[in-house]
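The values are calculated or read from the model by the stated rules, or taken from the named source; none is laboratory data. Computed from a prediction, not measured in an experiment: that's the story for all the values here. Counting neighbours? That spans all protein chains shown, and the Cβs are built from the backbone with ideal geometry, glycine included. Heads up: the accessible areas ignore ligands, DNA and RNA and are worked out on the full protein's heavy atoms, side chains in. Shrake-Rupley method; radii C 1.70, N 1.55, O 1.52, S 1.80 Å.
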Amino acid sequence: ANTIASYLYACKEVVANGATLTMPPESKWNGKFQSLMLEGSTLGAKVTTKSSVVGKDCQLGSKCRLNNVVIMDNVTIGENCSLQNTVIGSGARLGNNCSLNDCQIGPGKELPAGTKEKGESFMVGDAMEG
């Protein structure tokens, strides 16, 4: 995959065929909503995932909504976040009430609560820090 859109599409296609894949123990696959949550990850109450992949050892707060999202390992997402068409790198942290559409979050990046963006890339060391 050479673009974010094609990467998200490839992940969605892999998850769509999850019943035929060999997955790590304790992983959870939801065929109806084409979503995969790898082992060690925890979801808060009323979290919805559609066409999404959640990596290992992630924590998602309650009332989060994910649509066509790829979350790498060791990510923490606060409560009431809405994410669509977004890729989140390993070790990233999102505060409560974030709304991201068509975004990329780099590894280890922390976004403050209430961040609302569309079509942005966030990397450690960018202008938003400090």
query = What residue among ASN80, ILE105, GLY125 has its Cα farthest toward the positive end of the dipole of region 49-130, where the charges are +1 on Lys, Arg and -1 on Asp, Glu, each on the Cβ?
reply = ASN80
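Restricting the count to DSSP beta bridges whose residues both fall in the chain, what percent are antiparallel, rounded to a multiple of 5? Working shown, then result.
Working: 3 of 34 bridges.
Just about 10 percent of them are antiparallel.
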key: Summed residue charge, Cβ within 13 Å of LYS46's Cβ, Lys/Arg positive, Asp/Glu negative   = +1
remark   = Amide H contacts under 5 Å for LEU111, restricted to residues at least 5 apart in sequence or on another chain and with H modeled in the peptide plane, are ARG93, LEU94, GLY95
request  = Measure nothing fancy, just the Cα-based angle from helix 4-16's long axis to the longest principal axis of the chain, in degrees from 0 to 90, nearest 10.
outcome  = 30 degrees
request  = Can you check what the net charge comes to around THR76, using other residues whose Cβ is under 10 Å from the Cβ of THR76 (Lys, Arg +1; Asp, Glu -1)?
outcome  = -1
ask   = Over the chain, what percent of the accessible surface lies on carbon and sulfur atoms, probe 1.4 Å?
value = 50 percent
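Please report the net charge: other residues with Cβ closer than 14 Å to the Cβ of GLN104, K and R +1, D and E -1.
Details: positive: LYS109, LYS118; negative: ASP102, GLU117, GLU120, ASP126.
With Lys, Arg at +1 and Asp, Glu at -1, the neighbours total -2.
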remark   = Residues meeting the amide H criterion for ILE105 (H placed from the backbone, H to H distance under 5 Å, 5 or more places apart or on another chain) are VAL87, ILE88, GLY89, PHE122
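With N set to the residue count of the chain, report its C-alpha Rg divided by 2.2 N^0.38 Å to two decimal places. Please report the intermediate quantities before stating the final value.
Working: Rg = 13.7 Å, N = 130, 2.2 N^0.38 = 14.0 Å.
Taking the Cα Rg and dividing by 2.2 N^0.38 Å, one obtains 0.98.
Can you show me the helix-derived [θ] at 222 nm for the chain, built from DSSP H runs with n ≥ 4 at -39,500 (n - 2.57) apiece and divided by the number of residues, rounded to the nearest 500.
On the way: 1 runs with 13 residues, N = 130.
That comes out to -3000 deg cm²/dmol.
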key: Note, ³J(HN,Hα) from phi for region 100-108, Karplus 6.51, -1.76, 1.60, rounded to Hz, x at Gly and Pro   = 10, 9, 6, 10, 10, 10, x, x, x
